[in-house]
Structures are given as C-alpha cells and as structure tokens.
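What follows is a single structure, written as structure tokens, with notes after it.
The values are calculated or read from the model by the stated rules, or taken from the named source; none is laboratory data. Since the structure is predicted, the reported quantities are computational estimates derived from the model, not experimental observations. In this analysis, Cβ positions are derived from the backbone assuming ideal geometry, glycine residues included, and neighbour counts consider all displayed protein chains.
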Amino acid sequence: MQTVTSLDPLRSALEALRRDGTLALVPTMGALHEGHLALVRAARDRARHVIVSIFVNPRQFGVNEDLSRYPRQLERDSALLAAEGVSLLWAPSVEAMYPTGYGTEISVAGVSEGLCGAARPGHFDGVATVVAKLFNQVRPDTALFGEKDWQQLAVIRRMARDLDLVAPAADAIIGVATVREVDGLALSSRNAYLSPEQRAQAAALPREMDRAIAALRSGAEQAVVLAGLVGGLIAAGFASVDYAELREAESLAPATPLAAVPTRLFVAARIGGTRLIDNKPV
Ligand code: PAF
C-alpha cells in the first residue's frame with residue numbers, strides 16, 4: 001500500500017493505478033473500526049483498486065465540537081488498511097487540503113437542513129466541501145459511505161447530482177449498511193469517548209429505537225411514541241436528545257408511518273459529552 005500526503009504524488013500514483021483498472025474511494029477521518037473495514041471490503045468487490053482517504057476535516061467541526069480531541073491513529077489505521085489490500089492511502093495535511101487563502105465552500109440546500117444540519121450548523125457545508133475536493137483529487141469510479149451517517153450520504157448524493165459530477169456519478173455513490181456491536185450500538189469512532197458505564201448505557205439508543213419502530217408499525221400515535229423514545233433515553237442515562245424524528249428515507253422530508261415511501265427513524269442523543277447518532281428503517 002502506498003501512502004501519499006500531497007497532491008502531485010497523488011496524481012501520478014492514481015494515474016498508474018487507473019491504467020490498471022477501476023478505482024473505488026472510501027473517505028474517512030481515520031480512527032478506523034469494523035464499520036470502515038466493511039466499507040473497504042465492499043469497495044474491493046466493486047473496483048480493481050481501493051483508495052482510502054484519512055483526513056480529519058476541520059471545516060465540518062463546530063466551534064465547541066471535538067476537533068482537537070478527535071482520535072488520530074494514522075500508524076494503526078495504515079496497518080489495518082494494508083492488511084485489507086488497500087492500494088493507496090491518501091492522508092493530506094490540513095495545509096495540503098486547504099492552502100492559505102482557501103475560500104470556496106459548497107452548501108447543499110434541502111437534505112442538509114434539519115436533523116444534524118440543525119443541531120450542527122455548517123457541518124454539512126464542511127462535509128460537502130471536503131468530499132467534493134476528495135472526488136476531484138481522486139476521480140474515483142465509485143465511492144462508498146456508511147449508512148450510519150444517512151443524512152451525510154443524502155447530502156453527498158444530492159451534491160453529485162446537482163454539480164453533474166461524473167466521477168463518481170450520483171448513482172455510483174454507494175451506502176453500506178451500519179455495522180453494530182452485539183448489543184446493537186452502531187460502530188462509531190466517537191464510541192471511544194464513552195466510559196464503560198456510558199458504553200453500557202449507550203445500548204439504550206438502538207434498543208429504544210427498535211421499541212419505537214415496533215410501536216409505530218403497530219399503529220401507535222407518532223408523537224406519543226417519539227416522546228416515549230426521548231423519555232426512555234433519558235431514563236437510561238442519556239443527558240439530552242438533539243432530535244428523534246421520522247423522515248422520508250430519500251428526500252428526508254418529515255414523514256408519518258403512513259407515508260407511501262420508505263421512512264426512517266433518526267435520533268441524535270448525548271451521553272456525557274459524547275453525541276451519538278443512529279437511524280433505522282421504519
Ligand atoms: O463520515 C466521515 O468520516 C466524514 O464526514 C467524511 C465523509 C470522511 C468527510 O470528512
């Protein structure tokens with residue numbers, strides 16, 4: 001596996017790989033876990049070469065968020081990726097990604113509003129901007145993202161469609177199912193922040209979501225079910241709930257269980273200083 005940290009060597013390395021076959025990109029912020037490795041394995045099934053980027057993107061963190069303490073473990077991540085048969089690790093510095101005087105930002109209306117867009121102002125502008133840059137830098141045939149960040153996936157697909165991106169086209173942006181611990185907690189790099197007690201309490205998130213989904217499916221009133229979900233999380237030890245909402249799966253418009261299109265339940269909740277998100281089909 002080659003590791004590249006600046007743009008010129010990236011371009012020549014990619015030229016050589018592209019001559020040999022198709023490229024799949026897995027963008028990450030590192031601190032890799034089994035969820036990321038599932039993306040890498042799915043990428044391997046779709047392309048001759050897998051490129052993984054590791055870049056903790058400052059533009060997607062708010063002022064009071066965890067940029068400085070976000071886990072950085074490049075050596076360990078690099079060994080994991082090499083063992084998975086990744087062809088190239090793209091690990092630019094902040095200066096390589098955003099040179100002095102950088103001034104362009106991409107903002108995606110609609111799908112980036114509400115849910116995490118409301119709770120984390122500017123977050124999806126930062127995500128769209130860095131992902132557009134990664135797409136331009138790598139020009140992959142396909143790109144893979146985790147469904148745990150469902151709204152992020154929707155934002156990226158909308159951006160690709162709106163900007164007529166050809167590499168990858170919107171339909172070549174693949175969502176990969178969330179990987180979960182045995183107790184149902186979705187894997188996330190932020191789970192590393194949880195104390196053992198908080199980690200045990202965090203299992204209430206998928207459990208209360210499953211309970212709410214079963215109630216919605218059996219016809220219980222939506223407002224009552226969602227209030228019960230919030231109450232259940234607080235009782236289990238969560239400090240607060242940013243949102244617990246039912247949305248259309250594709251447009252992310254507010255939904256009811258009777259919607260004619262697929263719907264999903266989206267929740268973001270805080271335990272100690274850690275914010276966890278999850279979503280599941282209703
Ligand atoms: O999901 C992530 O890890 C990040 O938001 C992404 C897509 C790599 C952009 O920085």
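Here are some notes:
- Screening residue 53 with (1) surrounded by 15 or more Cβ atoms within 10 Å (Cβ to Cβ); (2) among the hydroxyl-bearing types (Ser, Thr, Tyr); (3) away from the ligand (no atom under 13 Å from the Cβ) gives one miss only, at (3).
- Test result for residue 190, touching a residue at least 24 places away in the same chain (Cβ under 8 Å) and touching a Pro at 6+ places or on another chain (Cβ under 9 Å): yes
- Of all residues in segment 59-78, those that are more than 18 Å from the chain's Cα centre (by Cα) and surrounded by 18 or more Cβ atoms within 10 Å (Cβ to Cβ) total 1.
- Segment 130-155, residues that are more than 12 Å from the ligand (Cβ to nearest atom) and either of a type in the set (A, V, I, L, M, F, W, C) or in contact with a helix residue (DSSP H, G or I) (Cβ under 7 Å, 6 or more places away or on another chain) (or both): 137, 138, 141, 142, 154
- Contact map, segment 34-50: residues that are under 17 Å from residue 138 (Cα atoms) and in contact (Cβ under 8 Å) with a residue 40 or more places away in the chain paired with residues that are part of a helix (DSSP H, G or I) and of a type in the set (Phe, Trp, Tyr), Cβ distance under 6 Å, separation 6+ or inter-chain. No pairs are found.
- Under the condition of being within 12 Å of the ligand (Cβ to nearest atom) and touching a strand residue (DSSP E or B) at 6+ places or on another chain (Cβ under 8 Å), the residues counted in segment 110-129 number 1.
- Residues located in segment 4-32, provided they are under 28 Å from residue 67 (Cα atoms) and crowded, with 17+ Cβ neighbours inside 10 Å: 4, 10, 24, 25, 26, 27, 28, 29, 30, 31, 32
- Checked against (1) over 22 Å from residue 173 (Cβ atoms); (2) of a type outside the set (Phe, Trp, Tyr); (3) within 13 Å of the ligand (Cβ to nearest atom); (4) modelled with pLDDT of 95 or more, residue 79 meets all criteria but (3).
- Members of segment 237-264 that are surrounded by 14 or more Cβ atoms within 10 Å (Cβ to Cβ), touching an Asp or Glu at 6+ places or on another chain (Cβ under 7 Å) and among the hydrophobic types (A, V, I, L, M, F, W, C): 255, 259
- Going through (1) within 14 Å of the ligand (Cβ to nearest atom); (2) more than 27 Å from residue 187 (Cβ to Cβ); (3) not small (Gly, Ala, Ser) one by one, residue 9 falls short only on (1).
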